[in-house]
Amino acid sequence: MALVKAGVVVLDCAEPEKLAVFYKELLGAEETDATANRVEIRGADGFRLAFRRDVNATPPSWPRPENSLQAHIDFVVEDLDETERKVVELGGRPLETKDAAGPFEERGYADPAGHSFTLRLVASTAPKQG
């Protein structure tokens, strides 16, 4: 029997309400709980995220070494370009990459508060042609 019933990824940030809106729109999620210092959301697939107020929160600086990557979230998507447009429209930004040429299976971004996340392309299950 598991001792832990469920897990929630919690991101510290200065403005949890604003960051919750970014992720609600990106994930098509719904708000499930909100207090003065914390907002929690749940996506259609059950994925849960919470945003906790920390007025002293310092975003990671990845890929720079100072205050580098602390943790990040991987999101699986079907269309990298379409999802990237939505991320930027919502206030996110692409992170620097060393090799920006050609199609990628994954791309790195920062949310409006500076937390990094990755969009990963769903591996095709269709048989190869040719």
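The values are calculated or read from the model by the stated rules, or taken from the named source; none is laboratory data. A quick note: this is a predicted structure, and the numbers were derived from the prediction, not measured. Here Cβ is always computed from backbone atoms with ideal geometry, including for glycine, and neighbour counts include all displayed protein chains. To get the accessible areas, we keep the full protein, side chains included, count just its heavy atoms, and leave off ligands, DNA and RNA. Shrake-Rupley method; radii C 1.70, N 1.55, O 1.52, S 1.80 Å.
Go over the candidates Ala44, Ala57 one by one and state the one that is part of a loop (DSSP other than H, G, I, E, B), modelled with pLDDT under 90, open to solvent by less than 60 Å² (accessible area, probe 1.4 Å) and over 13 Å from Ala110 (Cβ atoms).
Only one candidate passes the filter, namely Ala57.
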Problem - Scan of the range 85-110 for residues that are in a loop (DSSP other than H, G, I, E, B), out of contact with any strand residue (DSSP E or B) (no Cβ under 7 Å at 6 or more places or on another chain) and either surrounded by 13 or more Cβ atoms within 10 Å (Cβ to Cβ) or at pLDDT 85 or above (or both), ordered by number - result: Leu90, Gly91, Phe104
